[in-house]
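To start, the structure under review is shown below, and the notes come after it.
Just so you know, all these numbers are worked out from the coordinates, no wet-lab data involved. Keep in mind that this is a model prediction, so the values were computed, not measured. Neighbour counts run over all protein chains shown; Cβ positions are idealised from the backbone, glycine included.
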Amino acid sequence: MAKKRKTYYEIAIEKGYSRRDFMKLSAMMAAFLGLESSSIGQVAKALETKTRPPVLWLHGQECTCCSESFIRSSHPLVADILLDQISLDYTETLMAPSGHQAEKSLHDTMNAYHGEYILLVEGSVPTKESGVYCCIGGKAFEDVLHEAAEGAKAIIAWGNCASAGCVQAANPNPTGATPIHKLVKGKPVINVQGCPPIAEVMAGVIVHILVFGNMPELDRLGRPKAFYSRRVHDTCYRRPNFDAGLFVQSFDDENAKRGYCLYKVGCKGPVTYNACGVTEWNNGTSFPIKSGHPCIGCSEANFWDNGPFYEHLPNFPGFGIESNADKVGLGLGIATGVGLAAHAVSTNIRKRKLIQEGECEPEENES
């Protein structure tokens, strides 16, 4: 018989967190989910009254960067509470048991909470050679995945490996690396993209399921729209430089020192959907572009095979069918000049009319 699980609030208080810390977490999660401030109470109530759902966290072909990202969240409550005592469930990386005891933890949770647990999967699944490239407890990872997915309430694919295959699936894909959604059928799969995904985004997806009891709205690639509805380009602080046609030509030039747009040295921000520019990393300190490195498009499928990282795309959607950086910068510059000229002309016409009507005094240099 499954023992009664504690609520998030109960765990937080036991661990010495204050009510204030707890409400900060609720406010942060509401903000990340795109909810109004009036919804903070709804999030807090859910965390106060609902028990933490059982969690199974599987690891396939990956480098564990998703786990690393999650446990290094800027808010201590995220990793400490949202997945508290995870070793009581199952995760090969963080759990206390090993060997037969680890397998017992896995199957005890699957049996006691059938249809209730959330299955988190980090890493791609090798399908060639009967899956010999990744085996756990003497079983091919694909078999472990199907067994765990059968009783899962929802499945979350962490990172690009689990969502799209990542570097393991890059050409020529020797292991037959395959993303989760292509193997698991009949179950909802949420793709939380990125290499790795942002910790607060990972937490936000779990909180959404807890608060609303259903799947978040997903885009065509199965990503939560709350975090993947806008391009990195749209929220990038260097966007004004792009619009003005000011680009870094090489990593050591003066334009790089001035913080100009990185599009010409390979930035994939215009074709990449993620919350990097809004949420950022390390307590909102920075993200790759802010650190001087172009976006490599790690939250998009097949990004390893989508051309060289440090060469810009010939064109991208959003500014016409064949618009490129040079044309956009030049076009916007001309449009700006025309707009300023038109504004000056219209201003002078209005001013002259007011002078003629006696409502405005002429300037000394006006004839």
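Backbone amide hydrogens, once placed in the peptide plane, bring Gly297 within less than 5 Å of Lys268, excluding anything fewer than 5 places away on its chain.
Full extension of the chain between Val132 and Leu313 yields a length gain of 61.4 nm, computed as 0.36 nm times the residue separation minus the alpha carbon distance. By the count of neighbouring beta-carbon atoms within 10 Å, fewest first, Phe70, Phe212 end up ordered Phe212, Phe70. The slack in the chain from Met23 to Asn214, taken as 0.36 nm per residue of separation less the alpha-carbon distance, amounts to 66.5 nm.
By its C-alpha gyration tensor, with a ≥ b ≥ c as the square roots of the eigenvalues, how is the stretch 173-234 shaped: rounded for a/c under 1.5, else prolate for a/b larger than b/c, else oblate? Note, shape of the stretch 173-234 comes out oblate.
Taking amide H as placed 1.01 Å from N in the peptide plane, Ala177 has its amide H under 5 Å from the amide H of Thr127, each at least 5 places away in sequence or on another chain. Whole-Hz Karplus values for the stretch 48-60 come out as 7, 10, 9, 7, 5, x, x, 10, 10, 10, 9, 10, x Hz, taken residue by residue from phi with 6.51 cos²θ - 1.76 cosθ + 1.60 and θ = phi - 60°; glycine and proline positions read x. Charge tally around Asn255: other residues with Cβ under 12 Å, Lys/Arg +1 each, Asp/Glu -1 each, net +1. Ordering Ile136, Val189, Ala157 by Cα displacement along the dipole of the stretch 121-201 toward the positive end leaves Val189 in first place; charges were set at the Cβ atoms of Lys, Arg (+1) and Asp, Glu (-1). Our estimate of slack between Tyr237 and Asp253, defined as 0.36 nm per intervening residue step minus the Cα-Cα distance, is 3.8 nm.
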